[in-house]
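The values are calculated or read from the model by the stated rules, or taken from the named source; none is laboratory data. The structure displayed is predicted, hence computed values, not measured ones. Counting neighbours? That spans all protein chains shown, and the Cβs are built from the backbone with ideal geometry, glycine included. The accessibility values were calculated without ligands, DNA or RNA, using every heavy atom of the protein model including side chains. Shrake-Rupley method; radii C 1.70, N 1.55, O 1.52, S 1.80 Å.
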Amino acid sequence: MDTAYLKRVGLYIAGAILSVCLVFYLGFHLWRTFTREVKIQPVSETTIEKTTETEGYIFRKEQTLLFSTAGDAENNTLFPMVSDGKRLAKGAQAARLYTGSSMDIRAKVAEIDQKIALLQECVSGDVKNLKNSQTIDAEIVAILSQIRAAGDSGKTTDVGMQRAAFLEAVNKRMILSGIGTEFGSEIAALQAERDSLVSGLGSCLEAVATPVSGYYYASCDGYESVFTADFLTDDALTYRGLMDKLRSAPVSDSKAAGKIVTDSAWFLVCTLEREYLDVYENTKSCTVYFRAGEEYRLDMEVYKILEGDERFAIILTTREMPSGFDFSRTQTVRFPTAEYTGFQIPVSAVRVVDGITGVYVLDGSTVAFRPISSLVVTDGYYIVETNPDADPPEGYEWLTLHENLIIEGRALYHGKVLSG
């Protein structure tokens, strides 16, 4: 056997192994050089709102409109002459009763009415009183931002509610730009389409006019004479009396032709746990999130608070009647109960060292421990104080804005120097 040949083969193999080890060694140190042993992110500040959810009940000044004995809306077709929320003068025609029965036609006409109302609002003679172009541009941008935010969060109902406001703002901008000061032909075409659809409903049995001026709504729930604004404004109202009222049964009528709301002011009645009484008893107004409008937000005045044994009733009011807002009698709503502003820290980044709760940050190449004072834990994050009044534990400093927070890392300790 050629021993010289075997030696050369052995040297080649040893050299290859050595080369692989050398490459691995160099690669490891290059990786250590260009990457940290930790994962970091800058410390940021945020504000979060804690809320509580409850049921709400809408009270308004309403008057039910009725057909005569000539027919009823159950066996025929109730056809509103205007869209929901339209303000009518006294004696104006609000609805008709037709012999035909077609909900599809009614839905199509309602959509056309919304388009006509939008165009009429833009050419109602208030062109000279429109805001300046910069204000309307800002309004368009704000609406688009709300639509985008609602779309990103999947709140499609909120997107639909913003549609009319967006189109109205764009049309006003067109008027100021001289692009579209006349919508007469468009309104006439829509009116003709509407009349054509109405003609397919059959014979008109009866027309109902409004006995007073107000805002017309086609649907009735039977609580128009039960959940009244006058009941809430009674100075003798008690918590027990309000609870009894909320348990009342509706008073329905098959001849209802809709209702007229005689005052823009309306009330929302809710009950909350007594633990939140301190939040609202000295508050003049608050924000309410309406689930029916997919988190539609309204700022309302606190009208009255009635205390019970375990809960309290909060009665709020406003004159705001947003276009497209769902005025269903019962609403699921959310109330803010607390607001916290502080540094947002992932729960995974929080450590306990010698009984002190805190986080590690990277100061240059040195690891430093920063104590934190937690305000609240929510959705996988700590919200911690940005400037605690107390002095930090001896030997440490409080966490500050924009420091490099270590969110991943092993074998960390205060003062450790990272290579690279």
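One table, with the values for the structure above:
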| quantity | calculated |
| --- | --- |
| Label point at Gln63 placed 7 Å out along Cα→Cβ; residues across the range 200-215 whose backbone nitrogen lies under 15 Å | 208-215 |
| Surrounding net charge for Tyr340, when Lys and Arg each add one and Asp and Glu each subtract one, Cβ distance under 13 Å | -4 |
| Neighbour-limited loop hits for chymotrypsin sites (Phe, Trp or Tyr not before Pro), the range 320-420 (at most 13 other Cβ within 10 Å; DSSP other than H, G, I, E, B) | Tyr413 |
| Residues with amide H under 5 Å from that of Leu205, placed H, sequence gap 5 or more | Leu97, Tyr98, Thr99 |
| Environment charge at Leu232 (Cβ cut-off 11 Å; Lys +1, Arg +1, Asp -1, Glu -1) | +1 |
| Solvent exposure of the range 290-420 as accessible area per residue, Å², 1.4 Å probe | 51 Å² |
| Within-15-Å neighbourhood charge of Thr46 [Cβ basis; K, R +1; D, E -1] | -4 |
| Peptides ranked, highest mean first, by Cβ atoms within 10 Å: ranges 90-99, 204-213, 233-242, 255-264 | 255-264, 90-99, 204-213, 233-242 |
| DSSP-loop GluC sites (Glu not before Pro) across the range 235-289, with at most 13 other Cβ within 10 angstrom | Glu281 |
| Distance cut-off 17 Å, percentage of C-alpha pairs in the range 234-313 lying past it | 62 percent |
| Per-pair calculated FRET efficiency, R0 = 35 Å: Arg329 and Val377 via Cβ, rounded to 0.05 | 0.40 |
| Loop trypsin sites (Lys or Arg not before Pro), the range 274-354, which have at most 12 other Cβ atoms in a 10 Å radius of their Cβ (DSSP) | Lys284, Arg319 |
| For the range 296-420, share of DSSP beta bridges that run antiparallel, in % to the nearest 5 | 100 percent |
